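Quick notes on the structure that follows.
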Amino acid sequence: MKKEPSILVLCGAISPEREVSLRSGAACASALAESELDVELHELAANALPGYLDPAAHVIFPVIHGDYGEDGAIQAELELGGFSFAGCGAAASRLCIDKVRTKRALREAGLPVAAEVAFAAEGKPAARELLERLGAEEIVIKPADKGSSVGLHLVCGAEETAAALAQVDSGNWMAEPRLRGREMTIGILGGEPMGIVEIVPRTGVYDYQNKYTAGATEYLFPAEVAEPVAERVQEAARRAFAVCGCRDFSRLDFILQPDGQFHFLEINTMPGMTATSLFPKSASCRGLNFPTLVRLMISPALQRYHASHS
């Protein structure tokens, strides 16, 4: 009888989202431990794989948000090392961490996204020029390749825009018209859409603090959305997942406007898995509790392992 591989949950690493990753990793490891699987939790102290990993003995569940975990770096290392691992591969991860490239891929596929202006910090436009290019006075300015609403600015008019741009001193950025509507997200598991979750911050906007502070945001799941609209969102999300070459799981954020139209904002290939996270809430709309969800998230990686070691 062949020995089953150990599942190694990797979390931590070095990024602005390290603390969230540690919480996500601990939650996933605990959930997997409820099954009969052999599970080990490893907190990365650097952006590098542990030296003791063995592709013949380990299946990897990376639960690393932001840098290294979502930009395709760890996925490329795992692919090079011949490991079976959960989640999107390196190419899809590199694409989806870049909100501008993701939106362009979705736009080319005929999927709904808002207009954007992309710029590097060293070549940032003047405030009035940016507003004119977007054709809007209310805009959103955010990093083009970061997660968790880090560096998010919602501004109106040239004065506020100039103040936000003054804080842009490094990296790649993008600006979009601010779409007025309901903020939503939907999880994809195994290529199939799950439930729609509505995000309602109790104060302000859905920024990093409201995202990760328990009680700061109300979540409605399943969201109250007319069935025809929900079906269109789910089908578009399924297509977006495929267009971007995703596998196993991802989460798509979008704005639903009062007229029933919607626009995708981004695809998160390494969704948060903490007590306040959106992906488990989306899964619960399909009757999946947390341990069942985590087992389903790792299951394709186990299948790939057995296929390559048969």
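A short reminder: the numbers here are calculations on the coordinates, not readings from a lab. From a predicted model like this one, the values you see are computed outputs, not experimental measurements. Glycine also receives a Cβ, built like all others from the backbone with ideal geometry; neighbour counts cover every protein chain displayed.
Across all directions, the average flat footprint of the convex hull enclosing the Cα atoms of the stretch 10-67 is 3.9 nm². Selection among Ala120, Trp173, Phe279 by position relative to the dipole of the chain gives Phe279 as farthest towards the positive end (Cβ unit charges, Cα centre). A crude spin-label estimate for the pair Ala57 and Glu43, with each label 7 Å from Cα along the Cβ direction, gives 2.3 nm.
State to the nearest 20 debye the size of the charge dipole of the stretch 117-177 about its Cα centre, where the only charges are +1 on K and R beta carbons and -1 on D and E beta carbons. Show your work: numbers first, answer last.
Details: 5 positive and 10 negative charges, 33 e Å.
Rounded to the nearest 20 debye, it is 160 debye.
Between Leu220 and Leu154, the FRET efficiency estimated from the beta carbon spacing at R0 = 25 angstrom works out to 0.70.
Got the relative contact order for the chain handy, in percent, Cα pairs under 8 Å and 6 or more residues apart? Don't jump to the answer; show the numbers that get you there.
Working: 635 pairs, mean separation 63.1, N = 310.
Relative contact order, the chain: 20 percent.
Which residue fluctuates the most in the chain, going by a Gaussian network model with Cα springs under 10 Å, if the choices are Glu70, Glu79, Glu183? Maximum fluctuation in the GNM of the chain, among the listed residues, is at Glu79.
Sorted fewest first by neighbouring Cβ atoms within 10 angstrom, Met270, Met184 come out as Met184, Met270.
Here the extension length gained between Arg128 and Val200 equals 22.9 nm, from 0.36 nm per residue of separation less the Cα-Cα distance.
Modelled spin labels at Asn172 and Glu19, positioned 7 Å past Cα toward Cβ, are 2.8 nm from each other.
Exposure proxy ranking for Phe264, Phe290, based on other Cβ atoms within 10 angstrom of each Cβ and starting from the fewest, stands as Phe290, Phe264.
How much length would be gained if the chain were fully extended between Ala275 and Ala118, taking 0.36 nm per residue of separation minus their Cα-Cα distance, in nm to one decimal?
On the way: separation 157, 0.36 × 157 = 56.52 nm, distance 3.34 nm.
Roughly 53.2 nm would be gained on extension.
If packing is taken as the average count of other Cβ atoms within 10 Å, what order do 117-123, 28-34 fall into, highest mean first?
On the way: 117-123: 13.7, 28-34: 19.4.
Taking the mean over residues of other Cβ atoms within 10 Å, the ranking is 28-34, 117-123.
The DSSP beta bridges internal to the chain are antiparallel in roughly 75% of cases. Applying 0.36 nm per residue to the separation of Glu235 and Ala109 and subtracting their alpha-carbon distance, the gain on full extension is 44.1 nm. Our Cα-only numbers for the stretch 138-199 put the radius of gyration and Dmax at 14.7, 46 Å.
Please report Cys246, Cys11 as a ranked list, fewest other C-beta atoms within 10 angstrom at the top and most at the bottom. Don't skip to the end; give the middle numbers.
Working: Cys246 23, Cys11 26.
If I rank by nearby Cβ atoms, fewest first, I get Cys246, Cys11.
The share of C-alpha pairs in the stretch 47-88 whose separation exceeds 16 Å stands at 25 percent. Relative contact order of the stretch 117-177, taken over Cα pairs closer than 8 Å and 6 or more residues apart, is 50 percent. Per-residue ellipticity at 222 nm from helix content only, as computed over the chain with -39500 (n - 2.57) for each DSSP H run of at least four residues, stands at -10500 deg cm²/dmol. Mean-square fluctuations from a GNM of the chain, with a 10 angstrom spring cutoff on Cα atoms, peak among Ser299, Ser250, Ser21 at Ser299.
Normalise the Cα radius of gyration of the chain by 2.2 N^0.38 Å (N = residues in it) and let me know the number.
Scaled against compact globular proteins, the figure is 1.00.
Could you list the square roots of 5 times each eigenvalue of the Cα gyration tensor of the stretch 237-310, that is, the equivalent ellipsoid semi-axes, sorted largest first and rounded to whole Å? Provide the component values of the computation, followed by the final result.
Numbers: eigenvalues 142, 57, 19 Å².
Semi-axis lengths for the stretch 237-310 are 27, 17, 10 Å.
Along its first, second and third principal axes, ordered by size, the stretch 170-310 spans 52, 41, 31 Å in Cα coordinates. Calculate the FRET efficiency for Ser310 and Arg286 from the Cβ-Cβ distance with a Förster distance of 35 Å, rounded to the nearest 0.05. So the FRET efficiency works out to roughly 0.70.
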